[in-house]
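Colleague: The structure that follows is given in the form of structure tokens.
The values are calculated or read from the model by the stated rules, or taken from the named source; none is laboratory data. Worth saying up front: this structure is predicted, and the values here are computed from it rather than measured. Positions of Cβ are generated from backbone atoms using ideal geometry, with glycine treated the same way; all protein chains shown enter the neighbour counts. All accessible areas refer to the heavy atoms of the entire protein, side chains included, with ligands and DNA or RNA removed. Shrake-Rupley method; radii C 1.70, N 1.55, O 1.52, S 1.80 Å.
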Amino acid sequence: SVAPAGALSDDGGRKLRILQAEDNETNRDVGERLLRRVGHEVISVVNGAEALNMLARESFDIVLMDRHMPVMDGAEATRRIRAMAEPLRSIPIVGVTAGAMEDELRTCLDAGMNTVLTKPVVAEELRATLVRLTSKEREWGPLKSDRPVLVVDDVQVNLKVAKKQLGKLELSSETVDKAEAALEMLKTGRYAVAIVDINMPVMDGMTLTRKLRAWEKENGGHVPVVAMTGIVAKDEQKRFLDAGMDGYLAKPVVLSD
């Protein structure tokens, strides 16, 4: 399910035992090579039914689940895993699909997948997803707010996924795909927090934040702004903070059940 659009880096994360469900032989081989290169152990099967059988016999840290497979597709296999007893029902599942339409993503997330990567999967995105879904270092507490979260991203698929994830946290949200429109919305003070993509056309996330902070300096108030980016280097983090942002989320943003 993985095309090598970048090189996986061994960042010191723990080595994982990964179950890959993928019916395409070429995709299976590429995924195995990519993951084994950084020390992960990979067992591959060709459909969802085989994935269920393998999970019943052996232990894994995470599952890479292709959406479209013969015999049993990835969505049905995920639903059956989520109906199993613990600890199997809580195993992280990363969906992989060539379809980025709203209905396709909704099917994957509604089935119980933790997140969905679109083919061809960028190797660095896969690496980051595996690290965050299997990390035990940070546990999320309850999140409550009477006001909505505003998600700002120029990619419609990202907006739909973010809204679905926030809904799982029982948080209301609104989305907008243009930073200029987001700036005017944030000036109303209606939002508990803004999650802002860094890379957007016309006005990027840091420019949006700087303009918001300048307006707040004159008019009062402070809306927390969280950067959403695939870049997490220390010098980039400093740039976010210097622009007036309050924190960052590394893409792809994932939730652990």
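Colleague: Look at Ala194 and say whether it is farther than 30 Å from Gly112 by Cβ and small (Gly, Ala, Ser).
Modeller: So Ala194 does not fit the description; no.
Colleague: Return yes when Lys164 is modelled with pLDDT under 90, within 20 Å of Leu109 (Cβ to Cβ) and either touching a Ser or Thr at 6+ places or on another chain (Cβ under 9 Å) or open to solvent by 30 Å² or more (accessible area, probe 1.4 Å) (or both) and no when it is not.
Modeller: yes
Colleague: Shifting gears a bit: For Ala56, indicate whether it is of a type in the set (Gly, Ala, Ser) and modelled with pLDDT under 95.
Modeller: For Ala56, the condition - of a type in the set (Gly, Ala, Ser) and modelled with pLDDT under 95 - is met.
Colleague: Please enumerate the residues belonging to segment 106-139 that are at pLDDT below 85 and touching a Lys or Arg at 6+ places or on another chain (Cβ under 6 Å).
Modeller: Leu109, the sole residue that qualifies.
Colleague: Out of all the residues in segment 181-230, which are among the acidic types (Asp, Glu) and touching a residue at least 24 places away in the same chain (Cβ under 8 Å)?
Modeller: Listed by number, the residues that qualify are Asp197, Asp204.
Colleague: Right, another one. Looking at segment 217-230 only, could you name the residues that are within 23 Å of the chain's Cα centre (by Cα) and open to solvent by 40 Å² or more (accessible area, probe 1.4 Å)?
Modeller: Within segment 217-230, Pro224, Gly230 meet the criteria.
Each row is one residue, and each column tells you yes or no for (1) closer than 18 Å to Arg17 by Cβ; (2) open to solvent by 60 Å² or more (accessible area, probe 1.4 Å); (3) part of a strand (DSSP E or B).
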site	(1), (2), (3)
Leu34	yes, no, no
Val42	yes, no, yes
Leu55	yes, no, no
Ser59	yes, yes, no
Met72	no, no, no
Ala75	no, no, no
Arg80	no, yes, no
Arg127	yes, no, no
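Colleague: Inspect all residues belonging to segment 206-216 and state whether any of them is among the basic types (Lys, Arg) and open to solvent by less than 60 Å² (accessible area, probe 1.4 Å).
Modeller: Yes: one or more hits.
Colleague: Looking at segment 14-32, which of its residues are closer than 17 Å to Met69 by Cβ and either open to solvent by 10 Å² or more (accessible area, probe 1.4 Å) or small (Gly, Ala, Ser) (or both)?
Modeller: Ala21, Asp23, Asn24, Glu25, Thr26, Asn27, Arg28, Asp29, Val30, Gly31, Glu32
Colleague: Okay, next question. Please work out which residue is surrounded by the most Cβ atoms within 10 Å (Cβ to Cβ), limiting yourself to segment 82-93 and to residues that are within 21 Å of the chain's Cα centre (by Cα) and part of a loop (DSSP other than H, G, I, E, B).
Modeller: Pro92
Colleague: Right, next: How about segment 224-236: which of its residues are modelled with pLDDT of 70 or more and either out of contact with any strand residue (DSSP E or B) (no Cβ under 9 Å at 6 or more places or on another chain) or not hydrophobic (A, V, I, L, M, F, W, C) (or both)?
Modeller: Pro224, Thr229
Colleague: Continuing with this model, one more query. Check off (1) at pLDDT below 90; (2) among the aliphatic types (A, V, I, L, M); (3) under 20 Å from Asp103 (Cα atoms) for Ala192 and give me the number that stays unchecked.
Modeller: For Ala192, the failing item is (3).
Colleague: Write out, first by first residue and then by second, each pair whose Cβ atoms fall under 8 Å of each other, whose residues are 6+ apart or on separate chains, and whose first residue, in segment 70-93, is among the basic types (Lys, Arg) while the second is open to solvent by less than 70 Å² (accessible area, probe 1.4 Å).
Modeller: Arg79/Ala111; Arg79/Gly112; Arg80/Gly48; Arg80/Leu52; Arg82/Ala111; Arg82/Gly112; Arg89/Ile81; Arg89/Arg82
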